[in-house]
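The values are calculated or read from the model by the stated rules, or taken from the named source; none is laboratory data. Note that the structure is a prediction, hence the values are computed from the model and not measured. With ideal geometry, Cβ positions are generated from the backbone for all residues, glycine too; neighbour counts draw on all protein chains shown.
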Number of protein chains: 4
Amino acid sequence: MIRLRLSLELDYDIGEPGCDFIFNIHAAHTARQRVVEEALTLSQNVPTKVETDPATLNRYLRVRALAGPLRLAYSATIDLSHHFAQPSQIAEVPVARLPAQVLSYIYPSRYCQSDRLHRLAMREFGQQWQGYSRVQGIRDWVLQRTTFSQNTSDSNTSAIDTLLETVGVCRDFAHLMIALCRAINIPARFTTGIDYGADPALGPTDFHAYVEVYLGDRWYMFDPSGTAIPMGFVRFGTGRDAADVAFATIFGSVTSCAPRISIEAIAGADGRLLMPYHCAEALSTDS
Amino acid sequence: MIRLRLSLELDYDIGEPGCDFIFNIHAAHTARQRVVEEALTLSQNVPTKVETDPATLNRYLRVRALAGPLRLAYSATIDLSHHFAQPSQIAEVPVARLPAQVLSYIYPSRYCQSDRLHRLAMREFGQQWQGYSRVQGIRDWVLQRTTFSQNTSDSNTSAIDTLLETVGVCRDFAHLMIALCRAINIPARFTTGIDYGADPALGPTDFHAYVEVYLGDRWYMFDPSGTAIPMGFVRFGTGRDAADVAFATIFGSVTSCAPRISIEAIAGADGRLLMPYHCAEALSTDS
Amino acid sequence: MIRLRLSLELDYDIGEPGCDFIFNIHAAHTARQRVVEEALTLSQNVPTKVETDPATLNRYLRVRALAGPLRLAYSATIDLSHHFAQPSQIAEVPVARLPAQVLSYIYPSRYCQSDRLHRLAMREFGQQWQGYSRVQGIRDWVLQRTTFSQNTSDSNTSAIDTLLETVGVCRDFAHLMIALCRAINIPARFTTGIDYGADPALGPTDFHAYVEVYLGDRWYMFDPSGTAIPMGFVRFGTGRDAADVAFATIFGSVTSCAPRISIEAIAGADGRLLMPYHCAEALSTDS
Amino acid sequence: MIRLRLSLELDYDIGEPGCDFIFNIHAAHTARQRVVEEALTLSQNVPTKVETDPATLNRYLRVRALAGPLRLAYSATIDLSHHFAQPSQIAEVPVARLPAQVLSYIYPSRYCQSDRLHRLAMREFGQQWQGYSRVQGIRDWVLQRTTFSQNTSDSNTSAIDTLLETVGVCRDFAHLMIALCRAINIPARFTTGIDYGADPALGPTDFHAYVEVYLGDRWYMFDPSGTAIPMGFVRFGTGRDAADVAFATIFGSVTSCAPRISIEAIAGADGRLLMPYHCAEALSTDS
C-alpha cells in the first residue's frame, strides 16, 4: 500500500457577470484507491456541490463563482492498494465477452478516431501475440514515434494529428495509444491525474493524462508519454478522451494562472513509507 | 397511449471462421416506453445474450455466429405513454444544475465536434430566447440548410462535413443538430429507432436516427431530418453519436442485405387504435 | 498615378550550418505597377539572386546565408497606374472563355478547398446577379461572418477552418473568399503586399494578404478583411494560396524578429502627391 | 525510340441547357514526346478550341456542348525518345538552385499536404543518402504500406487520408508519394496518362496517374502504385495534384460512361517495333 499526499491550487480572475465551473479535481473512490482525507477551500463564499457520476465514478465539483478573483485549493491523502499482475498472465477479452459498460470504450471518440486507423493498426499490430504484451507494443510504438514537446498541440489536436505530426504532450500520446487500441477492438480510456515522478526538467508538477486498457477482468494503467511513474498515479477522472475529463470546464469569461501542484509519498497508517517505483508488473487501481 | 407493432429481419452471410455481433435492436425499457411483448429468433442455434447498459438503458444482443447464413428476426409490441409539454413552458437547464450523468452530452464526440462550432453557434443562436424554442430554431436551421440525399455520406462523415457539404441522411442531420446544441452548452444525444411515418417515396421502412435534447428535467425528441413522425418513434439506443449506437457492430467478415422492417400502430389493451401524428407539443418517452 | 515609397527590414539569427532563404519581397513588375527604383542590402556578404517566375511575375530572392545574424533591407519607389472600372460594367467570364493560364485558379488548393464548398456557395450565391457585384457579395459575406483576431489561426488553418471557426487574420479572410469564388467557378488568387492604410490600432505596419479575382479581362483587387486601402497595395506575389507566396520560405534553423515595415504615398514625378483612398470603382494593377 | 498508338472514347449524356467541358486528353508536346499524328472527333457539331498552357504544356480542349449525347474520340501516334540515366548518377537539387518555375512543386497543395508531414518524412527519410535512391525509397515505402483497391477513395481523398487508411488507387498513391517528397523539399508533381502495361486483371485499360520528381536537371518518372510500365507512359497533363489535371472538368449536368481506352506499341518510322519494358534506369520525357 502506497500513501500519497497531494495538493493543488488553482487561481482564476473572473469577469462579469460571474462564471460556472465544473471541476474534476477530486480523487476518485475505487476499491483500490481510498481517499483517507481531503479538504477543499474556496476564496469566494459561494455554494459548491460535489457529485459522482455512477458510470465513471468521476467526481464533479460545480462552482457558480462571482466576478473577481477565485482561488481554489484541494488537498487529499490517498491510499493505493494496487492490483499487481504478471503481464504474461493477462489476456485480451474477446468482444463477445466484454461487459456492456465497457463496450463504449471500443468505439471512436472526438480525439480518438479509431475507425479511421483500423487498417493501419491491423498492419502494425494484427499479427502480434494477443494479450498485455500487444498493448505494451502499441504503447512503445507511440512512444518511439512521438516527440514530447510543449506548445506543439492545442485543444483541437486529435490522435490522427499526433500520428501525422509525431509530436505532442501527454494528452496527445494518450489519444494516439487509445485510438490504436480501439482500432483493433481493445477497450481503452483516457485517465487523468498528476504526473507523479516526472523529471523536474520538464517543468513544475502538472496534471497528467494517461491510459487505462481493459484486459483480463479490469482496467490496467499505461503511461504512453513515459514521463512519470504509474505506481504514483492518483486517478481523478476517466472518460472516452480529453473531451470528457478536463480538470476544469469553464462557462464564462475567465483568465487563469498555471496551477500549483504537489504530490509526494508519505508514511502510511502503519508508519512505513513506500515509494512508487517503475515496476515490470501490470498495475490497476480499478477494482 | 400509443401501441406499436414492429418487426425487423436481418440477413447475413458470414465468412470463416464465424463472426461476433453486437446488436442494438431491442426496444429500450423506460418509464414511458413499455415492451408489452417481444420475440427474437435466430436461424443459427448459437447462444445469445442480452444485456442492458445501466447508464443508457441500451440493450445489447451479443451473438457469436458460425460461418454461413444467419437470419435474425425481432418483433415487439410497444406501448408509448408520452410526456407531453407546452414548448413555451420548457426552459434550458443552466450548466450549474445539469445532473452529473447528463454532463457528457455537452462534450464533443467523434461525429459532433461541437468544440469547433462554438463561435458559429453563438453567432447564429446566441441571441435567441432560451428554451425549447431555441432548440427548435437549431433544428429548423439544420433542416433548412441541408438536403436529404442517399449515398452522399459515409461512416466517416461528421457534423462538420454536413455543415460544409449541406447534404446527408438522417444520421447526418442528427449529428449536425447535436453539435450545434452542445456548442452552446445544451445537452444533446443521438437516438436510434425506426422511421415511423416516413414518406414511402424515400424508400422502404428503415432504421432512423434522431435527436434527444435535455430541457427542463428530461430528454425531449427532435427529428431534424423531418422525414418521420416523432410520436411513433420507438427508442432502441441512445449515445453520444452514431459511434455508440450502430444497430449492428460486426467483428468479422460478413456480407449483409438490406434490413426488412415494418412498424404500425395497433389497437391498445383497451381496444382503441391511436395513431401517431405530428403535434405541436414537445414529446418525451424518457421518464 | 500614385507613387508609394516602401521599406522593410527583416532580422534573423541563423543557426549552424547556415540556411537557405527564398524571399518574395520585391515589388512585381506589371503593366500598371512600375518599380521606379529599388534597393536591397544584406548584412552578410553572400551571393544573392533574383529571379522572376514567368507565369506569376513573382520575383524570388534566393539567399544562402551563413550562421549568425542576418539583416535584410529592401526599399522601393513604386508608381501605380490603376485600371479603374465601373463595377456594374464588369462581367464574369464563362468557363468556356477563361484563358488557359487562368484555369488553375478555379481549382482547389491547399488552403482553399473549394471543391467541398460547391453546394454551400451555390446556396448562398448561386441565385445572385452575376458580375462584379456577386464577387463583392462574397467578400461582404466573409467580412460579416468573420472576426479579425490575431493569434487565432496558424500555418495549418484553411478556408474551411475559417468558415467553421469564424475568426482569423487577413490571410484567413483571403483564403475563405478565394474558396467561395472558386466554388462557383470564378477564378481567384491570393496576393501579398503591405497593409497600406491599416488602422494603427491593429498593430505596426505589416505584410498583407488580399484577393484578386478574374473578371472581365483582368484581375481585380478585393480586400476581404477590410483592414486596409486597396488603392495603396503594392503587389509582391500572387499564387494559388498562402502556400505559394510566403514572404520568406526558410530552409534551416532560424529565429526571426517581427519585420519593420513602412509605406507612404509621396509626390510623383510631376511633383503632385496623390493619396490612396477608398473608392467605389473596381481596381486592377494587373494589365 | 518507342512509338505508341493510343485511342480513347468518351461518352456523355448532357442535360439541359448544355454543358461546358475542359478536357485534358491531348498528348503533351515535349522535347522527348513527339505527337506524330493525332485526330479528334466529336459527335456534336460544336466549336472546339485547344490551348496550351505555357507553364505546364498541358493542352486543354474546351467544348461547349449541347444537351443530348456527346461522343468524343481522340487518337494519336506518339514517339517517345526517353532520356535514360543511371540512378546512382542523379543528385537532388539544393533548394538554393531550384529554378523559379520548379519552386511551386515543393509547396503543399490541395491533396498533398506536405507541410503537415515534414517531421514524419524527416524521421523516415531524413537520414537516407540523398539522390534518386532516396526518392525511390519513398516510392517503395508508399507502395509497401498501401493496398491497391478500387472504390476505397473519392474526390475528397488526400495524401493524409491515404497515409492513415493505407488503401487507394493510382491517384492516391501518387498524392502520398508527392506529399512525402515535398515534405523534405524535393519537387514533385502529379502526372496523368494511360496505364500502359497494367495487368488486365485490374480491369480494362484506364487513365493513369503517376509522379514526376525534379532531380538533376529534369523531371523523372515514378510509378508509385506499381501497376504499369513507365516506359510506355504518354504524358497528358502535369500539375500540383489531381485538382489541376482532371481528364475532364465538367460544368453542368452530365451522366458519363466509363471511358474506352487502348494503347499499344507499334513499329516506328524505321519499321522497328520497340516494346516498353521495366528498366532499372531512370526515365524522363521532359526535356
Could you tell me which of the residues A:Ser225, A:Ser253 is of a type in the set (S, T, N, Q), within 14 Å of another protein chain (Cβ to nearest Cβ) and in contact (Cβ under 8 Å) with a residue 24 or more places away in the chain? A:Ser253
Matching residues in the range B:24-51 - criterion: being within 14 Å of another protein chain (Cβ to nearest Cβ), outside any loop (DSSP other than H, G, I, E, B) and more than 24 Å from B:Ser287 (Cβ to Cβ): B:Thr48, B:Lys49
In the range A:11-38, which residues are surrounded by fewer than 21 Cβ atoms within 10 Å (Cβ to Cβ), of a type in the set (Gly, Ala, Ser) and under 20 Å from A:His82 (Cα atoms)? A:Ala31
Could you identify the single residue in D:Glu37, D:Glu51 that is among the charged types (D, E, K, R), modelled with pLDDT of 95 or more and under 25 Å from D:Phe236 (Cβ atoms)? D:Glu37
All but one of (1) under 19 Å from A:Ala91 (Cα atoms); (2) surrounded by 16 or more Cβ atoms within 10 Å (Cβ to Cβ) hold for A:Asp217; state the number of the condition that does not hold. (2)
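Would you be able to tell me the number of residues in the range B:181-208 that are assigned to a strand (DSSP E or B) and without any contact (Cβ under 8 Å) to a residue 40 or more places away in the chain?
Number of matching residues: 1.
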In the range C:52-76, the residues that are within 13 Å of C:His29 (Cβ to Cβ) and either surrounded by fewer than 18 Cβ atoms within 10 Å (Cβ to Cβ) or within 14 Å of chain D (Cβ to nearest Cβ) (or both): C:Thr52, C:Asp53, C:Pro54, C:Thr56, C:Leu57, C:Asn58, C:Arg59
Inspect all residues belonging to the range B:168-191 and state whether any of them is among the charged types (D, E, K, R), away from chain A (no Cβ under 14 Å) and touching a helix residue (DSSP H, G or I) at 6+ places or on another chain (Cβ under 6 Å). yes
Among the numbered criteria (1) aliphatic (A, V, I, L, M); (2) away from every other protein chain (no Cβ under 13 Å); (3) within 30 Å of C:Phe247 (Cβ to Cβ), which one does D:Leu80 miss? (3)
Go through (1) surrounded by fewer than 19 Cβ atoms within 10 Å (Cβ to Cβ); (2) over 18 Å from the mean Cα position of the chain (by Cα); (3) within 30 Å of B:Ala248 (Cβ to Cβ) and name the single condition A:Ile90 misses. (1)
Quick one: in the range C:229-247, of everything that is not in a loop (DSSP other than H, G, I, E, B) and not β-branched (Val, Ile, Thr), which residue is nearest to the other protein chains (Cβ to nearest Cβ)? C:Gly239
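For the range B:99-122, what are the residues that are free of Cβ contacts under 8 Å to residues at least 40 places away in the same chain and in contact with a Ser or Thr (Cβ under 6 Å, 6 or more places away or on another chain)? So that I can check it myself, show each step before the final result.
Of the range B:99-122, the ones free of Cβ contacts under 8 Å to residues at least 40 places away in the same chain are B:99-100, B:119.
Matches in the range B:99-122: B:Arg119 only.
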Every residue from the range B:135-180 that is touching a residue at least 40 places away in the same chain (Cβ under 8 Å) and either outside the structural domain of B:Ala228 (by TED's automatic domain parsing) or aromatic (Phe, Trp, Tyr) (or both): B:Phe148, B:Phe173
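Listed here are the residues, each with its yes/no results for (1) under 28 Å from B:Gly15 (Cα atoms); (2) in a loop (DSSP other than H, G, I, E, B).
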{"residue": "B:Thr227", "(1), (2)": "no, yes"}
{"residue": "B:Thr249", "(1), (2)": "yes, no"}
{"residue": "B:Ile263", "(1), (2)": "no, no"}
{"residue": "B:Leu283", "(1), (2)": "no, no"}
Quick one: A:Gln101 ticks every box in (1) at pLDDT 95 or above; (2) surrounded by fewer than 21 Cβ atoms within 10 Å (Cβ to Cβ); (3) closer than 30 Å to B:Gln113 by Cβ bar one, so which box is it? (1)
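Out of D:Gln150, D:Gln136, report the one residue that is within 19 Å of the chain's Cα centre (by Cα), surrounded by fewer than 18 Cβ atoms within 10 Å (Cβ to Cβ), farther than 26 Å from D:Glu92 by Cα and more than 11 Å from every other protein chain (Cβ to nearest Cβ).
D:Gln150
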